[in-house]
Amino acid sequence: MSENSCRPLALPRLRCYSLGMTEDKKTLRRRMAGMLLQLSGEERRAASSAACRSFVQSPLFAQSDAILCYMAAEQEISPEEIMHAAAAAGKSLAVPLCIPHTNRLRFLCVDAAASGERWERQFVRGAWGLLEPDAAQCPPFSAASFAGKSVCVLVPGVAFSAAGLRLGHGKGYYDSFLAELCAEASSCGFSVQLVGMCFSCQLLPSVPAEAHDVPVQFLLTEQGLSSCTR
């Protein structure tokens, strides 16, 4: 799938600077974190909204039966509008729970149609300070039940390359989950579409990668949705 046809909205210019591609992962994470701190709350909100609108208007959203999202940290681009659009379209929606003392994620189903206090009651504050679904009331997401259907995963990251390689926070949560999900897709007969979601200033010519890293197929920023180049 190529870029969608939605015209990018005019946004405040994201202030970026050139990063050295010979940096190791730890150094690159620090420099990217410093760069994201330059973005104002207004810029983050405007960029998040534009990215969400591009995705919701895309064929990829229309073709997806289930959307796996994430709860954004303060400095991350937020997929919240996609969550509510998924609920309005009758799609299954799940968000991650970090399993304590492991590097594993478990996705639980949430009701994005809920609002106000009903929406907030579905979540608890997790180990990393992020909101996570409450396992006492949110049922587990079962990808195997989507045989013959399409599951789309919105993947956060510190940086992405044009080829879809991802630099994460170094804990390995998404590396493990994406590898397992892709293996399950092959055995259970459902398709998986991986979308890296970030601000455009987090797109780099290349990022440090290892053989086990699972690349995403699409990149979503405030400038729109595009296919990765291999």
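The values are calculated or read from the model by the stated rules, or taken from the named source; none is laboratory data. Keep in mind the model is a prediction, meaning the values are calculated, not measured. No Cβ is skipped: glycine too gets one built from the backbone with ideal geometry, and neighbour counts run over all protein chains shown. Side chains are part of the model used for accessible areas, which takes the heavy atoms of the whole protein and leaves out ligands, DNA and RNA. Shrake-Rupley method; radii C 1.70, N 1.55, O 1.52, S 1.80 Å.
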Identify which of ARG121, ARG166, ARG106 has the largest mean-square fluctuation in a Gaussian network model of the chain, with springs joining Cα atoms closer than 10 Å.
-> ARG121
For LYS91, the aspartates and glutamates lying under 17 Å Cα to Cα, once residues fewer than eight places off in the same chain are dropped, come out as ASP65, GLU80, GLU81, ASP111
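Over the chain, what is the mean sequence separation of C-alpha contacts under 8 Å (at least six apart), divided by residue count, expressed as relative contact order in percent?
Details: 446 pairs, mean separation 55.2, N = 230.
Relative contact order for the chain comes out at 24 percent.
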Tell me, what does the Kirkwood hydrodynamic radius of the chain come to in angstroms if you use every pair of distinct C-alpha atoms?
-> 18.0 Å
Rounded to the nearest 10 Å², the accessible area of LYS26 using a 1.4 Å probe with every protein chain kept is 140 Å²
Shape parameters for the range 57-155, alpha-carbon atoms, Rg then Dmax in Å | 13.2, 39
Could you tell me the distance between the Cα centroids of the range 205-230 and the range 161-190, to the nearest Å?
-> 12 Å
The range 96-230, dipole about Cα centre (Lys/Arg Cβ +1, Asp/Glu Cβ -1), debye to the nearest 20 = 60 debye
Out of SER187, SER58, SER176, a Gaussian network model of the chain with alpha-carbon springs under 10 Å gives the largest mean-square fluctuation to SER187
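Let me spell out the model: positive unit charges on the Cβ of Lys and Arg, negative unit charges on the Cβ of Asp and Glu, origin at the Cα centre of the chain. What dipole size does that give, in debye rounded to 20? Let's see the in-between values first.
Numbers: 21 positive and 21 negative charges, 73 e Å.
Value, rounded to 20: 360 debye.
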Label-point separation in nm, GLN137 to ILE99, each point 7 Å along Cα→Cβ = 2.5 nm
Viscosity 1.002 mPa s, temperature 20 °C, Stokes-Einstein D of the range 65-123 from Kirkwood C-alpha radius, µm²/s | 175 µm²/s
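Once every DSSP H run of n ≥ 4 in the chain is given -39500 (n - 2.57) and the sum is divided by its residues, what mean residue ellipticity at 222 nm do you get, rounded to the nearest 500 deg cm²/dmol?
Details: 6 runs with 63 residues, N = 230.
So the calculated ellipticity at 222 nm is -8000 deg cm²/dmol.
Assign unit charges at the C-beta atoms only (+1 for Lys and Arg, -1 for Asp and Glu), then state the dipole size of the range 44-165 relative to its Cα centre in Debye, rounded to the nearest 20.
Numbers: 10 positive and 10 negative charges, 35 e Å.
Charge dipole, the range 44-165, about its Cα centre: 180 debye, nearest 20.
Can you give the convex hull volume per residue for the Cα atoms of the range 93-230, as a whole number of Å³? Working shown, then result.
Working: hull volume 18.9 nm³, N = 138.
Spread over its residues, the Cα hull of the range 93-230 gives 137 Å³ apiece.
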Compute the acute angle (0 to 90°) between the alpha-carbon long axis of helix 41-56 and the principal axis of greatest extent of the alpha-carbon atoms of the chain; round to the nearest 10°.
-> 60 degrees
For the chain, built as a Gaussian network whose Cα springs stay under 10 Å, the top-fluctuating residue of GLU184, GLU42, GLU132 = GLU42
Which aspartates and glutamates have a Cα lying under 18 Å from the Cα of LYS171, excluding residues fewer than 8 positions away in the same chain?
-> ASP24, GLU76, GLU132, GLU180, GLU210, ASP213
Selection from PHE177, CYS98, LEU203, by position along the positive dipole direction of the chain (Cβ) | LEU203
Would you mind checking the tilt of helix 25-36 against the longest principal axis of the Cα atoms of the chain, expressed as 0 to 90 degrees and rounded to 10?
-> 90 degrees
Taking the Cα atoms only, what angle lies between the long axis of helix 173-188 and the longest principal axis of the chain, rounded to 10 degrees?
-> 50 degrees
